[in-house]
Structure formats: structure tokens, C-alpha cells
1. Cβ-Cβ under 8 Å, sequence separation 6+ or interchain: first residue in region 225-239 and touching a residue at least 40 places away in the same chain (Cβ under 8 Å), partner open to solvent by 50 Å² or more (accessible area, probe 1.4 Å) and among the aliphatic types (A, V, I, L, M). Which pairs?
2. For region 119-132, does any single residue satisfy the condition of being in contact with a strand residue (DSSP E or B) (Cβ under 7 Å, 6 or more places away or on another chain), under 24 Å from LEU11 (Cβ atoms), free of Cβ contacts under 8 Å to residues at least 60 places away in the same chain and surrounded by fewer than 15 Cβ atoms within 10 Å (Cβ to Cβ)?
3. Does region 78-99 include one or more residues that are assigned to a loop (DSSP other than H, G, I, E, B), modelled with pLDDT of 95 or more, hydroxyl-bearing (Ser, Thr, Tyr) and surrounded by fewer than 20 Cβ atoms within 10 Å (Cβ to Cβ)?
4. Test ARG208 against the criterion of being within 30 Å of VAL138 (Cβ to Cβ) and out of contact with any strand residue (DSSP E or B) (no Cβ under 8 Å at 6 or more places or on another chain), and give yes or no.
5. Pairs only if they're at least six apart or on different chains, beta carbon under 7 angstrom, first in region 245-272 and under 21 Å from VAL153 (Cα atoms), second open to solvent by 30 Å² or more (accessible area, probe 1.4 Å) and among the hydroxyl-bearing types (Ser, Thr, Tyr); list them, first residue then second.
6. For region 194-219, which residues satisfy the criterion of being of a type in the set (Ser, Thr, Tyr) and assigned to a helix (DSSP H, G or I)?
7. Scan region 62-77 for residues that are small (Gly, Ala, Ser) and assigned to a loop (DSSP other than H, G, I, E, B) and report the count.
Amino acid sequence: MRNDSARGRALTPENVWVLVCTYRRNDLLAQLLTSLDAARMPPGAVRPRPQLIVVDNAPGPEAQHVVASLYPEAVYLHQSRAGIATARNTSLDALPADAEAVIFLDDDEQVTPEWFTHLLSTGERSAADAVGGPVLPVFDDGEPAWVHTYGYVRRTDFPSGPHQRRLATNNTLVRADWFQSQDSGGRGYRFDETFNFIGGSDSDLFERMMHAGAQYWWCAEAAVTEHVPAERATKEWLRRRALRGGQVRAAKRQLRNSASGPAVAAEGLARAGYGAARRFSSRLRGRPVTYTDDYYLCEGLGMLQALMGRGAAEYARTN
């Protein structure tokens, strides 16, 4: 259940913090900061723009000059220890004690003008533990023609209201009591660094929150855009993403459910078999194979690869 006693104050620009982790994408980070500067504030706001914490996870403080020039009042932190979960935890550790909520954004996104106002007002009205919003892909070379039939990774098509699905950290407001220390009445949640290099630390966090009774909400008006480079606008990239999803699923099953190797293997085989059957059925009926068909197949194969120690650490650093 929610810790309602920790929620005595309204959500305002003075007690809500935007958290951004970045790694060697200074051009995209600059576009994000520029969009935050243009975000409209709620009526009566004293601050001209949202409060911001930026964690730079590069080996050196490579983004410091970008933040200093475009958002000088932001809290800039350099975390040289590599890993997305480590960087996210660094941003949470920097939260002031009086924070009421945080908003997670990715460094390759841009917010829309009314985004901040809608997210705060929905968080206030709903009293939800977390509120997610749409992420609209913007392709470098325009949306590929195959997306119409194959599909793509989108967080767009939900109505405003209670949300039963797991959220992610690419456009989500979360009540700060989930992250504040237990000594101060919070829950002390953090991202699991097991997922530092395979990804999935956010899906793991939001699943744990759901199991603990968190209530989620969707705000269709609080949209951001996401830059999609040409190398990610391919079916091959989506299949690799699905393989990685299988690795993440296997890790979560073993960590959270104490699932044995044979149990994970059985689930992987079942998912791969279901995906293969979907693909065969689509081909047999003359229908195009979709991303959902491929996802089940590749996710199952990814689970099996993880058990065999052949999974790829997509976010591993060469340095």
C-alpha cells in the first residue's frame, strides 16, 4: 500500500526534480536541456523551469560544459563507475530530503511545451505512485515503410487514467517516498545493479513496485519525443532488443522468483516455440510477420542464451 502519510504537500516545481543520466551524447543532451528550458510552468510557479539533476556516466566529466552553459542551476554529478543502474542510483542519492516526486527522462528525448504541467497535475489529481506519459519516436530518416506492418517499440496508445502495465524510466513521474530512506519514512528503493550492462533495471524496479502495491496512472497529454538514429530503425535492431529482453527476463526470474535453471529454460523454450508458431501461422496465411511474433521468439532464445552464458552485455564499456 502507498505511504500516504508522506504525501502531505502538493506537487510543485519547487519539490519535483527531473533526473537525467547521460553517457557521451552531448548533442542530444543539449537538445533535451533546450526543450526543458522551453517547458511551460504551472500557473503561479516561482521557478522559470524545472529543477534538474544530471548524472554524467562517462569516464570523465564530458557533459559538464553542456549543462553549465544551457542549464547552469542544474545539479551536475559525475559518476565514473560505469552502469546505467549505478548512474540512476547516483541521481536518487542526490535528491533533497524535501523532494515530493522525481521525473525520469532519457538523454535522447525532448519534452513538449505542456509536458511538465500535465505530468504534475495528473500526479496530483490521481495520487498515484507513478505516472507515465507517451514517448513518440522521431526517426532520423523518417519512419521506415515497414513499421506500418511490422511495428515498433512505442509508448503512445493508452488513454489517460489508471494504468495496469509496467512503466519505464523514459518519461515517468514517481513519488519520492519510494526512494527516501526508511529512517525518514520512505521505502528505500534503488535500481538493482545486476542490470547495469544488460539493461532492464527500470523494468525490474517498476515490477518490484507493482508487487509492493504501487498504483500507476497514464497521462496521454504529457508527451516527449525520442530520437531514433538510423542504426536503430531496423528489424535487426528490434530483434536484438528482444534477445536482450530475454536475458533481462531470465535474470529477473532467477533473482526475484528464485527460479531454477531448468524452469527458466522451460519458459524460454515455451516462449520461443510460441513465437515460432506465430511466425509460421502468419506466413501460412500470407500475413506479414510482426514485431510481436519476433519478440516472443527472440525473447525465448535470449533466455536460453543467458542460461548458457552467451548473452551480450549491450551496455558494457570497453574502457
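1. Qualifying pairs under 8 Å: THR225/LEU136; THR225/VAL138; GLU226/LEU136; GLU226/VAL138; HIS227/VAL138; VAL228/VAL138.
2. First pass over region 119-132, keeping only residues in contact with a strand residue (DSSP E or B) (Cβ under 7 Å, 6 or more places away or on another chain): 119-120, 122-123, 126, 128-132.
Among the residues that remain, those that are also under 24 Å from LEU11 (Cβ atoms) are: 119-120, 122-123, 126, 128-132.
Imposing the further condition that a residue be free of Cβ contacts under 8 Å to residues at least 60 places away in the same chain reduces the set to none.
No; the residues of region 119-132 include none that is in contact with a strand residue (DSSP E or B) (Cβ under 7 Å, 6 or more places away or on another chain), under 24 Å from LEU11 (Cβ atoms), free of Cβ contacts under 8 Å to residues at least 60 places away in the same chain and surrounded by fewer than 15 Cβ atoms within 10 Å (Cβ to Cβ).
3. yes
4. Numbers: within 30 Å of VAL138 (Cβ to Cβ): no; out of contact with any strand residue (DSSP E or B) (no Cβ under 8 Å at 6 or more places or on another chain): yes.
In short, no.
5. Between residues of region 245-272 that are under 21 Å from VAL153 (Cα atoms) and residues that are open to solvent by 30 Å² or more (accessible area, probe 1.4 Å) and among the hydroxyl-bearing types (Ser, Thr, Tyr), the close pairs are ARG271/TYR296.
6. Residues of region 194-219 of a type in the set (Ser, Thr, Tyr): 194, 201, 203, 216.
THR194, SER201, SER203, listed by residue number.
7. Step one: list which residues in region 62-77 are small (Gly, Ala, Ser), which gives 63, 68-69, 74.
Filter once more, so that each one left must be assigned to a loop (DSSP other than H, G, I, E, B): 63, 74.
Count: 2.
The values are calculated or read from the model by the stated rules, or taken from the named source; none is laboratory data. What you see is a predicted model; the values in this text were computed from it and never measured. Neighbour counts run over all protein chains shown; Cβ positions are idealised from the backbone, glycine included. Surface areas here come from the heavy atoms of the whole protein model, side chains and all, with no ligands, DNA or RNA. Shrake-Rupley method; radii C 1.70, N 1.55, O 1.52, S 1.80 Å.
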